[in-house]
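Shown next, in structure tokens, is the structure this report addresses.
Computed from the coordinates by the stated procedures, all read-outs in this text should not be read as laboratory data. If you're wondering where the values come from, they're calculated on a predicted model, not measured in any experiment. Neighbour counts are summed over all protein chains in view; Cβ atoms, including those assigned to glycine, are modelled from backbone coordinates with ideal geometry.
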Amino acid sequence: MEQSCCGRIFGMAFARTHPDNRRTHNPPCTMPEMSQKTWLIVVATLTLTVAYLGYQLSSRNSTIGLLNSDNAELTLEKDQLILDLEKMRFSYDTLETENTMMLAELAAQQERIDGLLTKVKNGYWEVAKLKKEAETLRSIMKGYIGTIDSLNQLNLALLDENLAMKEQMEAVSQENADLVERQENMEEMLEAGQTLQVSELLPVGVRVLSSGRQRDTDRADRSDMLRVCFTILENRIAPVGAKTLHLRITDDAGNLLPSEDGATDYSASRTVDYARERLDACIFYASPDEAGTFLSGTYLVEVLEGETVIGTTDLVLR
């Protein structure tokens, strides 16, 4: 049976490496011309195959290197994008405004930033799309910064205006308070000006004779009553009409001489018709005691209009 080409080749190689065994083995066959061509074709085919596989391996290694480089670049872009988003989130946090609508819009943009951060950190690799959204958010933030700055400037202007208005209101309030005080003072002055004034206040003891005639005396044991005469001065702003004047007399011990009508703040009274002109008047006081006499000493005599003392003097009885 004729050996195959590979068998013959193997035999020839074995005979060259083991010359002593040439007699014990089958004699080497002589390779036909056609088989040698076939062998060359096979060798050439194997050579091309190895070269092709080497090329494919080199190409794949180059592709893997490019992919690793792209992956590193994408990772760097991802980290940079995360850093940019976190900076932008912090910038949104620092924006301050009292405008309610603006606060709601800022909160919505912060939620968008948080959503983008979540996508990037979870491996969402559409970096270009995320970067575009981040740029949009950054542009929106710049607009907010300008708007908030304008609002702050407006608020400062309004604050200054409010302060100015407050100062004006305080000035007006102070002016009104001054006017009220002046009015009160004027009313007090008017009231004081309307109060009657008396002069030539002259108190004296009076002895009543059996004939009914009156005689002035300075002796306490001879005084049946006290007479206090005075002159009411002219007052052009005082109301005209009936004026009730009170006489208050107190002794050395500060005791009020009692009145006939039981009053506790005056000793006697009289009503006069006043017409804003000088008017002479007298008020008499008779002791309601059964003895009807006075004690010697110094008496304080006061004439009052209402509760206001309009005249005062002393009366000395021996």
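Within a straight-line Cα-Cα reach of under 30 Å, K119 can be paired with the following lysines, leaving aside sequence neighbours fewer than 8 residues apart in one chain: K78, K87, K129, K131, K132, K142.
Full extension of the chain segment joining E184 with T217 gains 7.2 nm, where the gain is 0.36 nm per residue of separation less the Cα-Cα distance. Taking 0.36 nm per residue of separation and subtracting the Cα-Cα distance, what length does fully extending V50 through L83 add? That works out to 7.0 nm of additional length. So how far, in whole Å, is the C-alpha centre of the range 249-305 from the one of the range 136-175? Centre-to-centre (Cα) distance: 73 Å.
Placing a pseudo-label 7 Å from each Cα along the Cα-to-Cβ vector at W39 and R112 gives an inter-label distance of 7.8 nm. Computed about the Cα centre, the dipole magnitude for the range 198-317 is approximately 440 debye when only Lys and Arg (+1) and Asp and Glu (-1) carry charge, each at its Cβ. The A171 and A104 beta-carbon pair, evaluated with R₀ = 45 Å, returns a calculated FRET efficiency of approximately 0.65.
3J(HN,Hα) couplings calculated from phi for the range 254-262 with the Karplus curve 6.51 cos²θ - 1.76 cosθ + 1.60 (θ = phi - 60°) are, in sequence order, x, 7, 6, 5, x, 9, 5, 8, x Hz; Gly and Pro show x.
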